[in-house]
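Please treat every number below as a calculation from the coordinates, not as lab data. It should be emphasised that the depicted structure is a prediction, and the values quoted were computed from it without experimental measurement. Note that we place each Cβ from the backbone using ideal geometry, even for glycine, and neighbour counts take in every protein chain shown.
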Amino acid sequence: MEFTKFEEIRLTNHPDLDEKWVQARIAEDPAILGLGEDVILRDKERAQPRAGVLDLLLQDGDWRYEVEVQLGATDPSHIIRTIEYWDIERRRYPQYEHTAVIIAEDITSRFLNVIGLFNGAIPIVAIQMRALKNQDKVGLIFTTVMNQMSLGFEEEDEETYEPVDREYWENRGSKETVAMADEILNLVKEFDGSLELNYNKGSIGMVKNGRSNRFIVFIPRKKHTWLLLRLERSKEITDKLESTGLDVSYKWRRYRLRLRPGEIEENTDTITDLVREAYNAASGG
C-alpha cells in the first residue's frame, strides 16, 4: 500500500470551493457525515417561513436532521439560525424526531460553551469539517465533536410527509423484509383490526381510520427489518427482549429490534406482548 501526503486547505474564501460545493458533496452521499449509513437526503435549500433557507434536510427513518453548513468558524448568528430552523421543522413535522446539525471548519470553544448553557434541552450535533487536497483532488473529512441528541418523541399529528407505495420499499429493502411488516400487522390485528400499513418515504407506519398511529414503525433493509417500538425504557422490557437473543437497542424513547426473516415467528409471544404494550401506551390505555 503506497503512502501519500495530503495538504489541508481552508475553504473560507477559496476561489472555487464554496459552501454550495460542500452542500452538494453531502447531498450526493449524506453518509459521509457519520450520522448513520442509512441517512438519506430529503431536501436542500429548504425555504423556511420568514426565516431564510435551511441548507440540508436529512432523514433516517423517524429521525430528521436540520443541517447548516458554514465555512470558517462557528459564530453566534450561525448558532441562532441552526436552532431556529430546527425549531421550525420540529413544529411543522412533530411526527419525527429532530436534531440540529452544525457543520463548520472550526468548532470554537465559545460555541461549545454556549451550547452547554442549553443543558441538553436542544438535541444538537456539532461536526468539524476538514478539506484535504492531493494534486487536483479534494476530499472532505467530518468529525463529530459534540453529540447531544436527547429530546423525546413528541405527540404526532396527521401524516404530512411524502407517501410512497409498497414497491418503493420492496426495491429499497426486499420483498422478504417488507413481508415482515405484514407479519407484525397480523399480530396487531388481534387487538385492533382497523389498523393498516402506511407507506412513506422515511418508513412504514400504521394508520387507523385515515390517521397516523406510529406506535410502531418499520424500516425494511435488504436482509433485515428494523422494528421500532415507542415505549419508555424499563428493566423488565429490556430483560424480556435480551432473553430472546434478538438484536436490541434503545434510542430516543424507542426500542429498536433488528429482525431477520424467521425471528418474528420464533418470538411471536414476546413481540406480540410488546407491540400491544406500545399500542396501549399510545392509546392511553
Measuring from its Cα centre, the chain shows a charge dipole (+1 at each Lys and Arg Cβ, -1 at each Asp and Glu Cβ) which, in debye to the nearest 20, is 360 debye
Ordering 64-75, 30-41, 127-138 by per-residue average of other C-beta atoms within 10 angstrom, highest first, gives 64-75, 30-41, 127-138
Quick calc, residue 135 & residue 24: beta-carbon distance into FRET formula, R0 25 Å, rounding 0.05, result 0.75
With a ≥ b ≥ c from the Cα gyration tensor eigenvalues, square-rooted, and the rule rounded for a/c under 1.5, otherwise prolate when a/b > b/c and oblate otherwise, the stretch 19-64 is oblate
Helix-only [θ] at 222 nm, the chain, -39500 (n - 2.57) per DSSP H run of 4+, per residue, nearest 500, equals -9000 deg cm²/dmol
Of 198-205, 14-21, 96-103, ordering from highest average Cβ density within 10 Å down gives 96-103, 198-205, 14-21
Any DSSP H helix in the chain with Cα axial reach of 18 Å or more and mean Kyte-Doolittle score of at least -0.5? Listed by number, the hits are 175-188, 268-283
On the formula 1/(1 + (r/R0)^6), with r taken between the Cβ atoms of residue 87 and residue 1 and R0 of 51 Å, the FRET efficiency rounded to 0.05 is 0.60
Rounded to the nearest whole number, the Stokes-Einstein translational diffusion coefficient of the chain at 20 °C and 1.002 mPa s (Kirkwood radius, C-alpha pairs) in µm²/s is 104 µm²/s
So for R0 = 41 Å, FRET eff. of residue 247-residue 108 from the Cβ-Cβ r, to 0.05, ends up at 0.60
Cross-link reach from residue 240 to aspartates and glutamates, straight Cα distance under 17 Å and at least 8 residues apart if same chain, gives 232, 263, 265, 266, 269, 273, 277
